[in-house]
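See structure below.
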Ligand SMILES: Cc1cc2nc3c(=O)[nH]c(=O)nc-3n(C[C@H](O)[C@H](O)[C@H](O)COP(=O)(O)O)c2cc1C
């Protein structure tokens with residue numbers, strides 16, 4: 001059996017969802033885990049539960065340590081169903097345990113379950129003594145929902161931040177230093193697709209933590225692996241992501257019916273590379289939005305393309321634009337391109353969309369072709385379009 005002790009009497013007792021592939025619309029090719037933690041002292045606290053349907057695994061983990069009846073406190077850091085979904089079973093198996101949650105979480109619990117259990121509402125700075133260990137609560141509204149809070153085990157300097165610092169990855173290992181996978185990629189994918197729109201709040205929350213005496217040695221999130229060796233790595237990454245610190249990279253995402261916009265995309269990429277700037281090219285017909293956004297998070301330029309169909313951009317580009325808008329990226333250069341047959345429309349739509357999102361746009365590139373291939377002159381325009389964007393990227397990062 002793999003070691004599950006996070007530190008001195010703090011144990012992982014969650015469940016692994018090996019086959020989760022779509023997490024509220026976000027692509028999770030590696031599955032995920034629902035991390036619950038048991039803190040065993042004179043009193044026993046369970047921090048978070050697991051998604052409904054996964055409680056058996058959680059109870060098996062708990063039972064290896066203590067009888068579930070011994071749980072005195074159930075801490076609900078976050079109401080979302082993947083964490084509070086087993087609370088009813090937990091409360092049925094404990095003997096009069098008390099629930100601890102934030103002010104904003106209580107109405108949600110009462111709404112769903114009624115006033116069946118004693119609920120203690122906590123605010124930032126409130127503590128709960130388990131014996132030798134002290135749990136401190138920090139409200140973190142909108143990291144990731146209004147009710148979200150962190151729990152900190154003071155004596156062990158273990159932070160249980162629920163949905164912050166997570167990754168969607170299902171593994172038999174529990175600690176980030178035990179896996180060979182590039183865990184920072186998974187953490188970035190998670191941040192990009194779930195937390196990006198909350199960046200300014202995350203940045204403020206991170207700044208506040210030291211003044212609240214939170215200096216974690218271990219960060220144990222509610223999904224994926226536990227940051228045991230040097231949690232500074234993930235904290236630093238969150239600081240950079242939440243401030244939209246970009247790398248000198250460009251992302252091209254496009255859709256095409258008959259290949260002209262596809263050819264434009266490759267020529268634009270050629271131009272970007274010629275200027276020495278890295279680029280990733282995604283045909284929206286064969287790429288997932290989640291993987292593209294993972295690169296968009298750190299890219300300086302987002303170049304979006306579509307040919308015109310029925311006066312509009314193609315539906316895959318429209319879907320990309322809608323997803324991008326919701327994630328509210330900041331501090332990026334935007335560019336639109338595409339081919340059209342007669343009156344066009346797609347490129348203008350994309351350009352306006354990028355402006356509305358708040359990207360600093362360059363003059364778009366729209367080429368008029370019905371059946372013909374790109375002329376030599378048009379090919380040169382595409383390459384030059386890419387080079388111009390790359391020069392702007394380099395200028396912005398000087
Ligand atoms: C079903 C269909 C609808 C189209 N509708 C328009 C249109 O409304 N306006 C326009 O300018 N071109 C329209 N076109 C022409 C394409 O935009 C044009 O052929 C373009 O070069 C295709 O680029 P692609 O190969 O990247 O798809 C349409 C083409 C198709 C196949």
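Numerical summary
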{"read-out": "Lone qualifier among 334, 338 - being crowded, with 21+ Cβ neighbours inside 10 Å, within 16 Å of the ligand (Cβ to nearest atom) and assigned to a strand (DSSP E or B)", "value": "338"}
{"read-out": "Elements of type helices (runs of 4 or more DSSP H) contained in the range 70-174, each with 2 or more residues being surrounded by fewer than 21 Cβ atoms within 10 Å (Cβ to Cβ)", "value": "87-93, 106-113"}
{"read-out": "Residues satisfying the stated conditions in the range 175-190, i.e. under 12 Å from the mean Cα position of the chain (by Cα) and crowded, with 16+ Cβ neighbours inside 10 Å", "value": "186, 187, 188, 189, 190"}
{"read-out": "Strands (runs of 3 or more DSSP E) lying entirely in the range 1-51 (those with 3 or more residues that are within 18 Å of the chain's Cα centre (by Cα) and closer than 20 Å to residue 175 by Cβ)", "value": "32-34"}
{"read-out": "Residues (assigned to a helix (DSSP H, G or I) and within 11 Å of the ligand (Cβ to nearest atom)) located in the range 303-331", "value": "317"}
{"read-out": "Boolean, residue 356 is surrounded by fewer than 16 Cβ atoms within 10 Å (Cβ to Cβ) and either outside the structural domain of residue 255 (by TED's automatic domain parsing) or within 16 Å of the ligand (Cβ to nearest atom) (or both)", "value": "no"}
{"read-out": "Positions within the range 359-398 being within 16 Å of the ligand (Cβ to nearest atom), in contact (Cβ under 8 Å) with a residue 24 or more places away in the chain, out of contact with any strand residue (DSSP E or B) (no Cβ under 6 Å at 6 or more places or on another chain) and part of a helix (DSSP H, G or I), in sequence order", "value": "379, 382"}
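For (1) buried (at least 23 other Cβ atoms within 10 Å of the Cβ); (2) closer than 22 Å to residue 393 by Cα; (3) out of contact with any helix residue (DSSP H, G or I) (no Cβ under 8 Å at 6 or more places or on another chain), each residue gets a yes or a no:
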| residue | (1), (2), (3) |
| --- | --- |
| 224 | yes, no, no |
| 231 | no, no, yes |
| 236 | no, no, yes |
| 244 | no, yes, no |
| 247 | no, yes, yes |
| 262 | no, no, yes |
| 268 | yes, yes, no |
| 274 | no, yes, no |
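The values are calculated or read from the model by the stated rules, or taken from the named source; none is laboratory data. Keep in mind that this is a model prediction, so the values were computed, not measured. All Cβ positions, even for glycine, are placed from backbone atoms using ideal geometry, and neighbour counts span all protein chains on display.
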